[in-house]
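Laboratory data are not the source of any read-out in this text; all were calculated from the coordinates shown. Everything numeric here is computed off the predicted structure, so don't read it as measured data. No Cβ is skipped: glycine too gets one built from the backbone with ideal geometry, and neighbour counts run over all protein chains shown.
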Amino acid sequence: MTRGMTRVIAVPFHDGRLEFDRGRGPGDLLAAAGVEHAETIPPPDPVAPEAARVFAIAAELAARVRAARAAGEAPVVLAGDCDSCLGTVGGCGTEGLGVVWFDAHADFDTPGDNLSGSLDAMALAVLTGHGWDALRATIPGLAPIDEEDVVLLAVRDLEPYQCERLARSRLRVVRGGAAEPFEARAEPALDGLRERVSRVYLHVDLDALDPREGIANRYAAPGGLTLDQLLWGIALAADRFEIAAAAVTAYEPAADVDGRMLRAATRILDAVADATRRA
């Protein structure tokens, strides 16, 4: 990967636990992509409760992202979990910032409606100001992103209550698995966002890809994007916005039994790094 002014930051945690489950993904992806120099977020207090660990990691990540940007470098985060977005966005500062988010899942649960107990399933909700108010305030630079300033792409694996919550929201949602071509729906959504913001945080959960492209994690779901569609979407975002920071998340090595997702992920990482360097 040609790194140029990119600063790669590894967040090798799942549920705040180091190198556990999806937390092993960043290391494998760094090795496959040939990235020799990356910052790694240190582990939080292992005896702290899960939520405290997750938010402590995010606070540390916010400081690293802010330092990268101050040095004129583009932050690219490799993380086990999507809740890394809290630190990445905090490091960017939220003034005038939008979000372009590729994911099979909405990650839009709140503590009041979540049934899984997963903090990761609340990542986008917390980012837009719903839940965990006190802990959210411990992340420097993080303020809620307006829902209308978020484009959620390729989402498809949803429980009924999650569908209802999305329908009530102001998120710009481009569903996966729809009959109409993805490109025909994604472009107007990004154009609409461009009318409101000029810079974005770009978030790529690898399970946005269809399982036929490879298995990103145990939550992979049919109806996703082809690799070419995802690369097209990343380039489209880069054409329209300054990419303030970007992340590639949710690679679970144990689920990738044939290595196809790792090969796809290295191409995605290259595309993401190229997108950040256009800023």
statement: By the Cα gyration tensor axes a ≥ b ≥ c (a/c under 1.5 gives rounded; else a/b larger than b/c gives prolate, otherwise oblate), the shape of region 155-279 is oblate
message: I'd like to verify something in the chain: which complete DSSP H helices, judged by Cα projection on the helix axis, reach 15 Å or more and average at least -1.0 on the Kyte-Doolittle scale?
response: 50-70, 182-194, 227-240, 260-277
message: Run the simple label-point estimate for A51 and A143 please: 7 Å along Cα→C-beta, distance reported in nm.
response: 2.4
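By counting other Cβ atoms within 10 Å of each Cβ, how are S198, S118 ranked from fewest to most? Walk me through the intermediate numbers first.
Numbers: S198 14, S118 17.
Taking fewest neighbouring Cβ atoms as first place, the list is S198, S118.
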- prompt: What FRET efficiency do you get for A134 and R170 if R0 is 22 Å and r is their Cβ-Cβ distance, rounded to the nearest 0.05?
  reply: 0.35
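Within 10 Å of each residue's Cβ, count the other Cβ atoms and sort Y219, Y251, Y201, Y161 from fewest upward. The partial results should precede the final answer.
Numbers: Y219 18, Y251 31, Y201 27, Y161 12.
By the 10 Å Cβ count, ascending: Y161, Y219, Y201, Y251.
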- line: Options [x] 35; [y] 39; [z] 25 are given for percent of Cα pairs over 28 Å apart, and the computed one is [z]
- request: Take the Cα of E19, step 7 Å along the line toward its Cβ, and report every residue of region 30-64 whose backbone nitrogen sits under 17 Å from that point.
  value: 30-32, 38-46
Low-density loop positions, trypsin sites (Lys or Arg not before Pro), region 134-170 - DSSP coil, at most 13 other Cβ in 10 Å: R170
task: Give the range of the longest stretch in the chain that excludes all GluC sites (Glu not before Pro) found in loop regions by DSSP and having at most 16 other beta-carbon atoms within 10 Å.
output: 96-194
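With 10 angstrom as the radius, rank H203, H37 by how many other C-beta atoms surround their C-beta, starting from the fewest. Mind showing how you got there, number by number?
On the way: H203 31, H37 8.
Ranked by crowding around the Cβ, least crowded first: H37, H203.
Starting from the Cα gyration tensor of region 46-110, take the square roots of the eigenvalues, sort them a ≥ b ≥ c, and report rounded, prolate or oblate (rounded when a/c is under 1.5, otherwise prolate if a/b is larger than b/c, else oblate).
Details: a/c = 1.96, a/b = 1.18, b/c = 1.66.
Oblate shape, in that a/c is at least 1.5 and b/c is the bigger or equal ratio.
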field: Net length gained if the chain between L115 and D270 were fully extended (0.36 nm per residue, minus Cα distance)
entry: 52.2 nm
query: Which distance in nm do the two modelled labels at E183 and T226 give, with both placed 7 Å along the Cα-to-Cβ direction?
result: 0.9
